[in-house]
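The structure that follows is given in the form of structure tokens.
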Amino acid sequence: MEMVIYMKEIVIATKNKHKIEEMKAVLIPIGYDVLSLFDFDEFPEIIEDQDSFKGNAMKKAKELSDYLNKTVISDDSGLEVEALEGAPGIFSARYAGDNASYEDNNELLLLSMKHKENRTARFVTSLCVYFRDKEPIFIEQYLYGSIAKDYKGANGFGYDPIFIVKEDGRRLAEYTMEEKNAISHRGKCLKELIPILENIK
Ligand code: IMP
């Protein structure tokens with residue numbers, strides 16, 4: 001008798017290798033066959049033009065899901081600084097301009113915060129799973145901390161060297177990848193997602 005093993009398929013709506021690895025590590029052990037935008041090179045770039053993390057996550061997942069007729073997972077993240085009324089927020093990747101490097105963005109943020117006493121900030125991740133035959137799943141998670149006045153640490157990416165984690169006062173760039181995944185905005189979204197996906201038939 002021939003055995004048919006049914007694999008659930010999910011497409012990650014990104015070409016960011018770090019995100020793909022992080023999501024695969026969660027999705028493969030619970031039985032998913034995981035694809036990403038690298039498998040669909042012809043798909044045009046998705047314009048992130050919504051006014052919230054949730055809106056952008058939903059737009060990316062829905063557009064790709066409609067195009068491929070498959071389940072799609074996407075996320076949108078960024079840094080919100082209280083003294084800057086939530087900036088850089090949804091513009092975190094291009095705070096210092098369209099082709100800004102991580103260093104450009106960090107420099108501008110340190111400058112914008114130069115005379116600010118309130119340095120409270122948080123990272124946000126909004127995650128969306130868009131299905132063909134079910135209501136979408138939305139999860140939002142945060143990592144709380146504050147903005148430093150200098151750089152420290154060599155790990156991670158983006159704003160990690162200037163972000164002081166509230167829990168222990170270390171910079172996020174001083175965390176190992178495993179340590180960061182355990183507490184990060186994106187890591188917590190993925191952890192919350194596992195039991196929800198496991199319960200979906
Ligand atoms: P994305 O939507 O996840 O690609 O994130 C947009 C931008 O937010 C990135 O380019 C980074 O500047 C910033 N960002 C998001 N997550 C992190 C993080 O974990 N550490 C540092 N910066 C982050």
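Any residue in segment 97-116 that is within 12 Å of G158 (Cα to Cα) sitting within a Cβ distance under 6 Å of a residue that is among the polar types (S, T, N, Q) and modelled with pLDDT of 95 or more? List the pairs, counting only those 6 or more apart or interchain.
Within 6 Å, no pair qualifies.
Can you give me the number of residues within segment 52-78 that are in contact with an Asp or Glu (Cβ under 7 Å, 6 or more places away or on another chain) and small (G, A, S)?
Number of matching residues: 1.
So, one more: Looking only at residues in segment 120-132 that are surrounded by fewer than 20 Cβ atoms within 10 Å (Cβ to Cβ) and within 22 Å of the chain's Cα centre (by Cα), which one is nearest to C189 (Cα to Cα)?
Here the residue is R122.
Please give the number of the condition N105 fails out of (1) part of a helix (DSSP H, G or I); (2) under 24 Å from L190 (Cβ atoms); (3) not hydrophobic (A, V, I, L, M, F, W, C).
(2)
Next question. Condition check: loosely packed, with under 13 Cβ neighbours inside 10 Å and within 27 Å of I10 (Cβ to Cβ). Does E140 satisfy that?
no
Which is assigned to a strand (DSSP E or B), under 20 Å from D133 (Cβ atoms) and more than 14 Å from the ligand (Cβ to nearest atom), of D66, D33?
That would be D33, the only listed residue that is assigned to a strand (DSSP E or B), under 20 Å from D133 (Cβ atoms) and more than 14 Å from the ligand (Cβ to nearest atom).
Are any of the residues in segment 54-62 within 12 Å of the ligand (Cβ to nearest atom) and outside any helix (DSSP H, G or I)?
no
Now for a different question. Determine whether segment 36-44 contains at least one residue that is under 30 Å from E198 (Cα atoms) and buried (at least 19 other Cβ atoms within 10 Å of the Cβ).
Yes: one or more hits.
In addition: So in segment 163-186, with the set limited to residues that are near the ligand (Cβ under 9 Å from one of its atoms) and part of a helix (DSSP H, G or I), which one is nearest to K8 (Cα to Cα)?
R186
Only one of G97, G153 is touching a strand residue (DSSP E or B) at 6+ places or on another chain (Cβ under 8 Å), at positive phi and within 15 Å of the ligand (Cβ to nearest atom). Can you tell me which?
G153
What's the number of the condition A154 fails, among (1) surrounded by fewer than 19 Cβ atoms within 10 Å (Cβ to Cβ); (2) part of a helix (DSSP H, G or I)?
(2)
Okay, next question. Is it the case that some residue within segment 78-96 is surrounded by fewer than 19 Cβ atoms within 10 Å (Cβ to Cβ), under 18 Å from Y130 (Cβ atoms) and more than 17 Å from the chain's Cα centre (by Cα)?
no
Just to be sure I understand, how many residues within segment 120-140 are touching a Gly at 6+ places or on another chain (Cβ under 9 Å) and within 16 Å of the ligand (Cβ to nearest atom)?
6
Let me ask something additional. Pull out all pairs, ordered by first then second residue, where Cβ-Cβ is under 6 Å, the residues are six or more apart or on different chains, the first lies in segment 36-49 and is within 16 Å of the ligand (Cβ to nearest atom), and the second is part of a helix (DSSP H, G or I).
Pairs that qualify, where the first residue is within 16 Å of the ligand (Cβ to nearest atom) and the partner is part of a helix (DSSP H, G or I), are S36/I20; I46/K60; I46/E63; E48/N56.
Table: residues versus (1) over 12 Å from the mean Cα position of the chain (by Cα); (2) modelled with pLDDT of 90 or more; (3) among the basic types (K, R).
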| position | (1), (2), (3) |
| --- | --- |
| E9 | yes, yes, no |
| T14 | no, yes, no |
| H18 | no, no, no |
| A25 | yes, no, no |
| V34 | yes, yes, no |
| E45 | yes, no, no |
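The values are calculated or read from the model by the stated rules, or taken from the named source; none is laboratory data. Given the structure is predicted, the values throughout are model-derived calculations rather than measurements. Note: ideal-geometry Cβ built from the backbone for every residue, glycine included; neighbour counts use all protein chains shown.
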